[in-house]
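Here's the structure we're looking at; comments come further down.
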Amino acid sequence: MRRRTTPPPAPLPQRDGVDPVRVRLPFGDTWATVREHLVERLTGAGPGMVEEMFDAGLVVAADGRAVAPDAPYEPGMFVWFHRELPEEPPVPFPLQVVHRDAHIVVADKPHFLATTPRGAHVAQTALARLRHELDLPALTAAHRLDRLTAGLVLFTVRPEERGAYQTLFRDRLVRKEYEAVAPYDPALALPRTVRSRIVKERGVPAAREVEGEPNAVTRVELAEHRAGLGRYRLVPETGQTHQLRVHLSALGVPILGDPLYPEVTAPVPAGDFRRPLQLLARRLEFTDPVTGREHTFVSGRTLAAWSAPAQWADPEA
């Protein structure tokens, strides 16, 4: 068994809070040159893009020097480069910092802003924004919040402490409370604890419930109701993908603005921010694993379908 190699530090700086791409040349099959491997590997980069990067000296080795276009292939070698960022409509809502100390940053994320770079969302992410705005290039996310969900996200300042905070979420030592706006059903008996097995298949937008041992548990309470809508308090015991959205939909009260549940709808045009999913990560509570301090953080955001129902019903009015 080949021993896992710790990657050397990136020789390139971040750009707008986004790390350079790191590639390790695999063992086994070999190519004549580093360039040949990257051309085959980065098929989505576009015709001639990899060659242009080599010609411009944009692919570098661990010492920061440009890798020559004819540099021989070396299994296990690390190379870095900056990807071309996708065109991203700016998310026109503020990202608010509710707490910052030497160890953590807690941000109150708006709807439509992804937590970390992924796919088509790179610079327009909470992590990239915070790194740039707070001048914290080593900042990392301790957990993730769906792009369409607003609310509290925990970030770690020091890379060596990230594992301690991630362990809190893995071991379910963080108490999370969410708020949602969905239809009100007087026949739905609440409060209740929903237990089911949820699976999320790669490439399939929506998760689904299947038979089997439950892996998703949510406490659902009705906080109040009016005009056919309910404001729900959700306390998840587990963290499956789309868990809260799946569970409320299964109860017959799908969250307002949800493009996936109960049915997948056509995607809205890029830059259309009028109808956010009415789901908010309202509260985080945990004991700091580094300082021992008891933390309680509460989001200052509101859900438009409840606080401004007329505007939610007709955002063009």
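The values are calculated or read from the model by the stated rules, or taken from the named source; none is laboratory data. Computed from a prediction, not measured in an experiment: that's the story for all the values here. Here Cβ is always computed from backbone atoms with ideal geometry, including for glycine, and neighbour counts include all displayed protein chains. All accessible areas refer to the heavy atoms of the entire protein, side chains included, with ligands and DNA or RNA removed. Shrake-Rupley method; radii C 1.70, N 1.55, O 1.52, S 1.80 Å.
Details
- Karplus-based coupling profile of the range 297-309, in residue order and whole Hz: 10, 10, 5, x, 7, 10, 9, 4, 5, 9, 7, 9, x, with θ = phi - 60° in 6.51 cos²θ - 1.76 cosθ + 1.60 and x standing for Gly or Pro.
- Cα-centre dipole for the chain with unit charges at Cβ (Lys and Arg positive, Asp and Glu negative), debye to 20: 940 debye
- Counting 0.36 nm for each residue step from R22 to L173 and taking away their Cα separation leaves a gain of 51.1 nm.
- With each label modelled as a point 7 angstrom along the Cα→C-beta vector, the R192-E52 pair spans 5.7 nm.
- Taking amide H as placed 1.01 Å from N in the peptide plane, R197 has its amide H under 5 Å from the amide H of V210, N215, each at least 5 places away in sequence or on another chain.
- Cα gyration tensor, the range 26-182 - rounded (a/c under 1.5), prolate or oblate: prolate
- Candidate values (1) 16.7; (2) 33.0; (3) 19.9, label of the one derived for mean projected area of the Cα convex hull in nm²: (3)
- Remark on L222: its backbone amide H falls under 5 Å from those of R233, a criterion applied only to residues 5 or more positions apart or on other chains, H modelled at 1.01 Å from N.
- Computed from backbone phi with θ = phi - 60° and the Karplus coefficients 6.51, -1.76 and 1.60, the 3J(HN,Hα) list for the range 21-26 is 6, 10, 10, 9, 5, x Hz; x is used for glycine and proline.
- Surface per residue (accessible, 1.4 Å probe) for the chain, Å²: 54 Å²
- The length gained on full extension between A68 and E294, counted as 0.36 nm times the residue separation minus their Cα-Cα distance, comes to 76.1 nm.
- Highest mean first, the peptides 24-31, 213-220 sorted by other C-beta atoms within 10 Å per residue fall in the order 213-220, 24-31.
- Spacing of the two label points (7 Å from each Cα toward its C-beta) at V210 and A308, in nm: 4.2 nm
- Rounded if a/c under 1.5, otherwise prolate or oblate - the range 197-317, Cα gyration tensor axes: oblate
- Amide H within-cut-off set for A142, under 5 Å, with H built and near neighbours excluded: L154, F155, T156
- Protection-proxy order for peptides 300-309, 271-280, each taking the mean of Cβ atoms within 10 Å per residue, highest first: 271-280, 300-309
- The charge dipole of the range 59-143, taken about its Cα centre with unit charges on the Cβ atoms of Lys, Arg (+1), Asp and Glu (-1) only, comes to about 240 debye.
- Taking packing as the residue-averaged number of other Cβ atoms within 10 angstrom, the listed peptides 184-194, 81-91, 134-144, 251-261 run from highest to lowest as 251-261, 134-144, 81-91, 184-194.
- Among P205, P269, P11, the largest mean-square fluctuation in a Gaussian network model of the chain, built with springs joining Cα atoms closer than 10 Å, belongs to P269.
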